[in-house]
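Just so it is clear, none of the values below were taken in a lab; they were calculated from the coordinates. A quick note: this is a predicted structure, and the numbers were derived from the prediction, not measured. Because the Cβ atoms are built from the backbone with ideal geometry, glycine has one as well, and the counts that use them run over all protein chains shown.
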Amino acid sequence: MSQRIRIATTSLAGCFGCHMSFLDIDERLIELSKKIEFDRTPLTDIKKLGHCDIGLIEGGMGNTENFDLLREFREKCDILVSMGACAINGGIPAMRNSFGLKECLETAYVEGIGVTDAQIPSDPEIPLLLNKIHPLHEVVKIDYFLPGCPPPAEMFWTFFDQLLNQQPIEFTYSQIHYD
Ligand code: SF4
């Protein structure tokens with residue numbers, strides 16, 4: 001890795017809550033910023049992905065755009081991290097996996113409460129939905145998993161601290177229990 005490691009992040013079928021939790025390391029972001037720099041990420045609004053040391057992805061893979069972006073992150077990031085329950089097992093969006101895609105679309109756009117112009121969107125600009133939400137590791141190799149919905153801020157801090165100091169990644173019980 002270079003002196004300042006280059007990090008990219010993105011959200012696929014996610015809610016940005018994992019990104020918010022990362023920001024919850026608060027003032028330690030200043031300390032971290034001396035060691036990292038951001039590439040493509042919604043935190044800086046950089047849109048183009050270059051070669052990175054680490055890529056963090058929240059959200060599962062649910063449409064064709066997600067698929068292309070996930071493949072690009074795997075190609076350009078030396079280390080790829082699934083952050084959060086949606087990336088790791090599909091999370092809340094994967095609740096639609098119990099139903100057919102047609103049924104989901106009709107429920108949302110035709111029969112939904114308050115729908116007045118019943119029409120399933122078909123603009124070619126809109127990425128096509130896949131039949132199911134997929135966890136990221138079903139599609140590409142994932143190097144690290146940060147569990148939780150969202151992973152707690154302390155987990156992000158521990159992860160970066162240990163990785164940047166080339167230590168094995170180990171979380172405390174309090175960082176990974178949810179009871
Ligand atoms: S894991 Fe939770 S916080 Fe993260 S994207 Fe999914 S729903 Fe949002």
Completion exercise
Expressed in nanometres to one decimal, the distance between label points 7 Å along Cα→Cβ at Glu37 and Asp179 is 4.6 nm
Problem - Estimated Rh, the chain: Kirkwood, alpha-carbon pairs, angstrom - result: 17.4 Å
Exercise for the section: Filter the trypsin sites (Lys or Arg not before Pro) in region 102-153 down to the DSSP loop ones having no more than 16 other Cβ atoms within 10 Å, then list what survives. Expected result: Lys141
Fill in the blank from the handout: Proxy exposure order for Glu27, Glu111 (fewest C-beta within 10 Å first) is Glu27, Glu111
